[in-house]
Number of protein chains: 2
Amino acid sequence: MSPARPDSAPATRGAHATIHDVARVAGVSVASVSRVFNGRDHVRAEMRTRVEDAAAQLGYVPHAGARSLSMARTGAIGVVLPDLHGEFFSELLRGMDREASTRRLGLLLTVLHDGRGLDTLTALRGQVDGLVVMAPELDPDVLARHMPRGLAAVFLACAPQVGSLNLRIDNRAGAAAAVRHLAAGGAKRIVHISGPAGNLDAQERRAGAEAAAAEAGATLSVIEGDFLEASGTMVGERVAAGTLEADAIFAANDMMAIGAMMALKRHGVAVPEQVAVAGFDDIPLARLVSPALTSVAIDIAAMGARAVAQLAARIAGAREQPSGDASTGADEVIVPHLMVRETTRETDRG
Amino acid sequence: MSPARPDSAPATRGAHATIHDVARVAGVSVASVSRVFNGRDHVRAEMRTRVEDAAAQLGYVPHAGARSLSMARTGAIGVVLPDLHGEFFSELLRGMDREASTRRLGLLLTVLHDGRGLDTLTALRGQVDGLVVMAPELDPDVLARHMPRGLAAVFLACAPQVGSLNLRIDNRAGAAAAVRHLAAGGAKRIVHISGPAGNLDAQERRAGAEAAAAEAGATLSVIEGDFLEASGTMVGERVAAGTLEADAIFAANDMMAIGAMMALKRHGVAVPEQVAVAGFDDIPLARLVSPALTSVAIDIAAMGARAVAQLAARIAGAREQPSGDASTGADEVIVPHLMVRETTRETDRG
DNA sequence: CGCAGGCTTGTAACCGCTTACAGAAACCGC
DNA sequence: GCGGTTTCTGTAAGCGGTTACAAGCCTGCG
């Protein structure tokens, strides 16, 4: 026999009082204690105070695990993210937390370290009510195979998933806005530094840029980059050297844009007077470089919050309608907006 | 098509197979299924394969909640943090995750929105095995009162807690090192942009700065900031305008330092020639701005990892020694180091 | 052949809570 | 005073696992 319990009230340091202890001390049944604590059923005032006194005296706190087992609801949602760094990660979590805490939901964080950890995904069954999954680099089939069955899920910026709600960033619209802005500033020959060909975001940004350029009557030449500063530097140098003709550069992310801009400056090309530059992502650095970089911004926190809100809705839906397919996955699109700064001209110079 | 299920087994889409379903399909008892899955007891090879086949066929995944209830171990730890911003928190979480995932622990994130949410703390009972708590703005007594009894805990950079392990940053030493460095570079009139008065880190950094300035024979005037870039900007502008006399600025965190530095640059004040600047935290952005910011570095990720490791040790300890006080809380101190970069002068100009 | 003792396996009692159901008590109008 | 409500309370059966204990099956040995 381990914890010696004084036979009316236990709970010294280690052991916690259970609902039975409270019931015993209050001289009522466990059902009544439960009723008092969940407060939906009728209990007489005297019963309520007796239970509350006993609970206070014992320092009783309900056991979340036990409760979730019998209610089939954990009050937590799983957040599955790739190995992220920096602001993006914290902003995303911040947004998720904002929404989750107003709904009194906990966030159980799981990071997928380059591919490994997919098995921890299924292990989440019984520990969470639903999942927000962000796994942009993962094959959707692999992902689908590892999803715990019967758990509500919302995907964030993943390759399209059948039958599940997917929140994506409207890369096309963002890129188009940037290119339109460049054209409105007078650009006729725009160079687009794209991301790697295999990257979905990169493809969409390129497509948006091409569409907007065509519409605005500007030429758009594409040079494939790799999202790193060096590819931007290389393009900036070619433009400065005159090997590549351009009056504006639109890079598929900010680091490449910054690389290009720095190279231009270094070679005495005036930004934005001679060549305008715009990026994508609006990383914190974008407004700290000089001249400050015009970029396409995504409200990351809002995206996180939206994902949690959608998931909460699906969980509630599944709860009252456990039979049917979770309401069909009409994807939802997050529209980015352009942050105009100093590397572009606001108006047409003509 | 959905996987056709043999009619002995339920679990179409929504419902999950339970251990009983597996036992029935395999024609064995639930105890055997459990043994196969936990693999410590002896089971005959044939039994093993039968159970594994049945489980695979049903897509069985153990229910973490139920398991944790009967084992009195959840496999998750609660992480309680103040309202989070930026790199600091992503790095902290990153370090915690690194440690937690090698130990196969989940992280249940709880954010304390300015004081509220303390009640969610006790609600963690039964959902986690232990707690890492960071609440620098909280009165230790209030905090102690809200800690779930009998749950292992490690405190991070909090006011001293009796009987619990506390990991703290040696803010005094870090701030003193920065101020000594500024003084060694020739600074005589240093302005310190502090954090909010109620914040413990802010208080310690200020105290360290004051001590070092006094020792070095430099004057130190303190302006209270709020850890956000804008407070730095404001101070930078006052210094540039001459309203505030200074030949060096030491900010209690990097964002304020960057704000100050940018403001100085914008107004044509040379950094570090006219005014040197140093920050605290060494966020990744610090070395990306130009000139690169001198800062007091803390290996934040390592600190997070350390906290989790300590907590895991305490949990294990409590498990095999449930009686005694959790091993006495010998506080552990993290000593920061100075990263000298371009916003300060290495040597005395005199 | 009988039996001690080691492997396997099954039965059933938990873990701490919720809740359907039924019984008790109080109240009502007649 | 009685049946019918309505309101409160208790009993006990889960939720989905783990595991102590007992029982069954072998095996080897005297």
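Points to keep in mind about this one:
- Close amide-amide hydrogen proximity is noted between A:Asp129 and A:Thr74, A:Gly75, A:Ala76, A:Ile77, A:Gly78, each under 5 Å apart and 5 or more residues distant or on a separate chain (H modeled in the peptide plane; Pro and chain starts excluded).
- Protection proxy ranking, peptides A:45-55, A:285-295, B:127-137, B:49-59, average beta carbon neighbours within 10 Å, highest first: B:127-137, A:285-295, B:49-59, A:45-55
- Across the copies of the chain, B:Ala214 has label points (7 Å from Cα along Cα→Cβ) spaced 7.3 nm apart, shortest distance listed first.
- Simple point charges give the picture: +1 on the Cβ of Lys and Arg, -1 on the Cβ of Asp and Glu, and for the range B:171-297 a dipole about the Cα centre of about 240 debye.
- Classified by the C-alpha gyration tensor, the protein assembly as shown has an oblate form. Its axis ratio a/c, with a ≥ b ≥ c, is 1.5 or above, and a/b does not exceed b/c.
- Given charges at beta-carbon only (K, R positive; D, E negative), |dipole| of the protein assembly as shown in Debye: 1980
- Between copies, the label points of B:Gly242, set 7 Å from Cα on the Cα→Cβ line, lie 4.7 nm apart, reported in increasing order to one decimal in nanometres.
- B:His267-A:Ser70 pseudo-label distance in nm [points 7 Å out on the Cα-to-Cβ vector]: 6.6
- Ordering A:Ile258, A:Ser90, A:Ala218 by the projection of their Cα atoms onto the charge dipole of chain A, which places +1 on the Cβ of Lys and Arg and -1 on the Cβ of Asp and Glu, puts A:Ser90 at the extreme positive end.
- Projecting the Cα positions of B:Gly208, B:His63, B:Leu244 onto the charge dipole of chain B (unit charges on Cβ atoms of Lys, Arg, Asp and Glu, taken about the Cα centre) puts B:His63 furthest along the positive direction.
- Using the Cβ-Cβ distance between A:His42 and A:Ala316 with R0 set to 30 Å, the FRET efficiency from 1/(1 + (r/R0)^6) comes to roughly 0.70.
- Sorted fewest first by neighbouring Cβ atoms within 10 angstrom, B:Thr219, B:Thr110 come out as B:Thr219, B:Thr110.
- Other-chain or far-sequence residues with amide H under 5 Å of B:His192's (modelled H): B:Ser221, B:Val222, B:Ile223, B:Phe250
- DSSP beta bridges in chain B [antiparallel fraction, %, rounded to 5]: 5
- The magnitude of the dipole of chain A, with charges of +1 and -1 set on the Cβ of Lys/Arg and Asp/Glu and taken from the Cα centre, is near 1300 debye.
- For B:Asp53, inter-copy separations between label points set 7 Å beyond Cα along the Cβ vector come to 6.3 nm, shortest first.
- Virtual paramagnetic centre 7 Å along Cα→Cβ of B:Asp114, amide N under 20 Å, in the range A:96-126: A:96-104
- Farthest toward the positive end of the dipole of the protein assembly as shown, out of A:Val132, A:Pro272, A:Ile283, is the Cα of A:Val132, where the dipole comes from beta carbon charges about the Cα centre.
- Using a Förster distance of 51 Å, the FRET efficiency for A:Arg149-A:Asp53 (Cβ separation, nearest 0.05): 0.65
Read-outs: derived from the displayed coordinates by stated rules, not from any lab. Owing to the predicted nature of the structure, the values given are computational and were not obtained by experimental measurement. Virtual Cβ from ideal backbone geometry, glycine too; neighbours counted across all protein chains shown.
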